[in-house]
1. If I ask for residues that are of a type in the set (A, V, I, L, M) and buried (at least 24 other Cβ atoms within 10 Å of the Cβ), which ones from the stretch A:48-80 would you list?
2. Restrict the check to the stretch B:358-377 and report whether at least one residue is among the hydrophobic types (A, V, I, L, M, F, W, C), modelled with pLDDT under 95 and touching a helix residue (DSSP H, G or I) at 6+ places or on another chain (Cβ under 9 Å).
3. Residues being surrounded by fewer than 20 Cβ atoms within 10 Å (Cβ to Cβ), β-branched (Val, Ile, Thr) and not in a strand (DSSP E or B): count how many of those fall in the stretch B:323-350.
4. Taking A:GLY274 as the residue in question, decide whether it is modelled with pLDDT under 95, of a type outside the set (A, V, I, L, M), crowded, with 19+ Cβ neighbours inside 10 Å and under 24 Å from A:ALA199 (Cβ atoms).
5. Evaluate the following for B:LYS320: is it surrounded by fewer than 21 Cβ atoms within 10 Å (Cβ to Cβ) and under 19 Å from the mean Cα position of the chain (by Cα)?
6. Filter the stretch A:146-178 down to the residues that are charged (D, E, K, R) and more than 9 Å from chain B (Cβ to nearest Cβ) and list them by number.
7. For A:GLU99, state whether it is without any contact (Cβ under 8 Å) to a residue 24 or more places away in the chain, surrounded by fewer than 16 Cβ atoms within 10 Å (Cβ to Cβ), assigned by TED's automatic domain parsing to the domain that holds A:LYS320 and in contact with a helix residue (DSSP H, G or I) (Cβ under 9 Å, 6 or more places away or on another chain).
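The values are calculated or read from the model by the stated rules, or taken from the named source; none is laboratory data. None of these values were measured; they are calculated from a predicted model. Using ideal geometry, Cβ is built from the backbone for each residue, glycine included, and neighbour counts are taken over all protein chains shown.
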Protein chains: 2
Amino acid sequence: MKNLVGAALLGQSGGPTSVINSSAAGVFTEALKHENITAVYGAVHGIKGVLNEEFYDIGQEDLEELMRLKNTPSSSIGSVRYKLKDPRKDPSEYERLLEVFKKYNIRYFFYNGGNDSMDTCNKISKFFKKSGYDCNVMGVPKTIDNDLSVTDHCPGYGSAAKYVATTFMELYHDATVYDTKQVTIVEVMGRNAGWLTAAAALASYKGQGPDLIYLPELPFDFDQFFHQVQKTLTEKSKVIVAVSEGIKTKEGKYIPEMFQELKKDAFGHAQLGGTAQVLAEEIGKRINVKVRAIEFSLIQRSAAHLASKVDVEEAFNAGKKAVQAAVRGTTDRMVGFKRVSSNPYKIKYALIPLKHVANTEKKVPLEWILADGAGLTQAYIDYALPLIQGDSKAKLVDGLPHFAKLKKVRVAKK
Amino acid sequence: MKNLVGAALLGQSGGPTSVINSSAAGVFTEALKHENITAVYGAVHGIKGVLNEEFYDIGQEDLEELMRLKNTPSSSIGSVRYKLKDPRKDPSEYERLLEVFKKYNIRYFFYNGGNDSMDTCNKISKFFKKSGYDCNVMGVPKTIDNDLSVTDHCPGYGSAAKYVATTFMELYHDATVYDTKQVTIVEVMGRNAGWLTAAAALASYKGQGPDLIYLPELPFDFDQFFHQVQKTLTEKSKVIVAVSEGIKTKEGKYIPEMFQELKKDAFGHAQLGGTAQVLAEEIGKRINVKVRAIEFSLIQRSAAHLASKVDVEEAFNAGKKAVQAAVRGTTDRMVGFKRVSSNPYKIKYALIPLKHVANTEKKVPLEWILADGAGLTQAYIDYALPLIQGDSKAKLVDGLPHFAKLKKVRVAKK
């Protein structure tokens, strides 16, 4: 445990959420308070920015604007999808990082991201230690996918879940407006873990949600799906279905691959219809009923106007506590949440060894999925409900959100 | 001008909006106050419910629940897409309506809908007059399309516009997160009038919106579009495009028809890709850039969690004033808005003859479209900004909206 003196650096990584900037606000405003921290930097597009020596000087920003980050969606300093090479095979990128850290005397490194990013954090931390360079490295979790291990949940999930649940309730009202039969299939994000799709069950819990919910945790059987839709259609005129984009057959095929030949465009990009679109077409071929496919697409991950207050505050605190821990001398940890109770909701912040989170994936427990494979149990509702509580959104100016606009003063290259 | 004594009936018609139920709350709560109104009914699925003698007895509902309708999206008593036959060719449906109105002594009829519904209203009113049956018939406007003539704007538009503008701002932040080139094409509702797509310009006005906006008011030229996308890509790495679902070539073809052969499924339903999807595919074929298509789909018309307070209140007042006018003896009119000033925003309610609104369509003035055909002028911003002001949404219970749930007690058939 060393009391380091030097600059602090934050990098944002992976796909946007509504609250990744709230964690940035937590890191920045806390870091600016500590005497041991001589400068506060933001990496321009995550680890790529570090490799390129591209930093914003956060000390130049107004505090009010930094606090506005709490309710600004996406990644204000720029994110990246970039996986560092295995240092045992090719240490050159790690050597470059070390060189940059030394040059700018960066002694505190905070990386905000999902399991890939925690792996990056872990490898950097190990490499620096081996090289004898003192730097406290802390992970700050974020992902709408909620798939990080050990921690009870991840910042970003609560807000995305609130969006999914609220929008399903609204779609329920929309779908039931005419007295005709209709099947509505809605696609929710989540490649391997069904957490976000599961949030549709919160709308069903309110009696205003989907009838059938399919997660990627179970193999998807089209015949069973077709049978379940048909059966529900005999009971009621409107059927609403939630499907995860990541559902696969037991042979491991995504739904578009099941029914479509893989077409590639002139540049070799694979072109496949969306999961909901393909399922809607297949239902339309078999039943004479109006079918509609809806995809929440990018809207669901950046819908800051529907952010959960619990999520926004926890994201902020995760950033803040990462700085506090690092200044106390902690390294090689991710800030996580340990649930003390669900009702009333109470969590403790925990410092989880990075290696326990790196590259692992937490899925929805199979015992939380209904026996028919098309819905969630009360255990999931009890788990998720506390995470979507309260509203927290940007102040309105002209009826529209007033998002943060940083000055983004670049640090002079040394 | 007759002081009629009898029942009042409300029907909801056409596609949902966030505030059609707010108008219902205005009609119901006001109607329940008047001594001349002996009963208050809601038609089950609009005019179809009237033909079938299917009514809800609104007098059985709790006032608190009726007020909750103000923030409940879609059509709580059920809507319908049904156009009555021309009474000069086939008066049978009108005779049936007259029979039902007489049987239940309905002396006040309120119909909430778009231009088709105002036509229905107008024809019913004329037929009753000719038949010597006294009934005051009032239209209450609603449509996210904002395409009703004479009135300055329509309830439903402000809230949908607020959704479109807010979501474009959030997508802007989402789209700019990586340092790679990307084109995002977003499809907005509106078949013939581009009002809702124009709302994307409110996000651009905030510096956080689409670069290019295409409305159906102008013929769509693919080569010009392609050129404009390509040019914008040389200036910045992210291009965001808003397109109306209704854009057509100068030959009158919708975009999917331009590039796809019309496929029909086993039941004869035409299958066409969405406008944004097809444009994205075509751009992807011509430029080596990541392209993404997003469709706001049904989400945009029922997003009550983002409703504009101005819209919710005006919708409520339109319903309320329709009742007040009818009780005073007015008939054959639609409640509309006359703008007194935009800054500060001030309107007067007007009673517009139904025949002036029936079956006409108001489009975005061509002089409000930029010379390059891909954006809106300040005149549009000045027009639209007042309509999206303020928040008004359902109380949260469990972090989710508490929508109205009516008892829906049926009126006994006579």
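1. In the first step, residues of the stretch A:48-80 are kept if they are of a type in the set (A, V, I, L, M); the result is A:50-51, A:58, A:63, A:66-67, A:69, A:77, A:80.
Result: A:VAL50, A:ILE58, A:LEU69, A:ILE77, A:VAL80.
2. Restricting attention to the stretch B:358-377, the residues satisfying the condition of being among the hydrophobic types (A, V, I, L, M, F, W, C) are B:358, B:364, B:366, B:368-371, B:374, B:376.
Imposing the further condition that a residue be modelled with pLDDT under 95 reduces the set to B:358.
Now narrow it down to the ones that are touching a helix residue (DSSP H, G or I) at 6+ places or on another chain (Cβ under 9 Å): B:358.
Yes, there is a match, as at least one residue in the stretch B:358-377 is among the hydrophobic types (A, V, I, L, M, F, W, C), modelled with pLDDT under 95 and touching a helix residue (DSSP H, G or I) at 6+ places or on another chain (Cβ under 9 Å).
3. Total meeting the criteria: 1.
4. Details: modelled with pLDDT under 95: yes; of a type outside the set (A, V, I, L, M): yes; crowded, with 19+ Cβ neighbours inside 10 Å: yes; under 24 Å from A:ALA199 (Cβ atoms): yes.
Judged against the criteria, A:GLY274 is a match.
5. no
6. Here is the first cut: in the stretch A:146-178, the residues charged (D, E, K, R) are A:147, A:152, A:162, A:170, A:174.
Within the stretch A:146-178, A:ASP147, A:ASP152 qualify.
7. Working: without any contact (Cβ under 8 Å) to a residue 24 or more places away in the chain: yes; surrounded by fewer than 16 Cβ atoms within 10 Å (Cβ to Cβ): yes; assigned by TED's automatic domain parsing to the domain that holds A:LYS320: yes; in contact with a helix residue (DSSP H, G or I) (Cβ under 9 Å, 6 or more places away or on another chain): no.
No; evaluated as a whole, the condition is false for this residue.
Listed here are the residues, each with its yes/no results for (1) modelled with pLDDT of 95 or more; (2) part of a loop (DSSP other than H, G, I, E, B).
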position: B:ASP145; (1), (2): yes, yes
position: B:THR151; (1), (2): yes, yes
position: B:VAL177; (1), (2): no, yes
position: B:VAL186; (1), (2): yes, no
position: B:SER204; (1), (2): yes, no
position: B:PRO210; (1), (2): yes, yes
position: B:PHE220; (1), (2): yes, yes
position: B:ASP223; (1), (2): yes, no
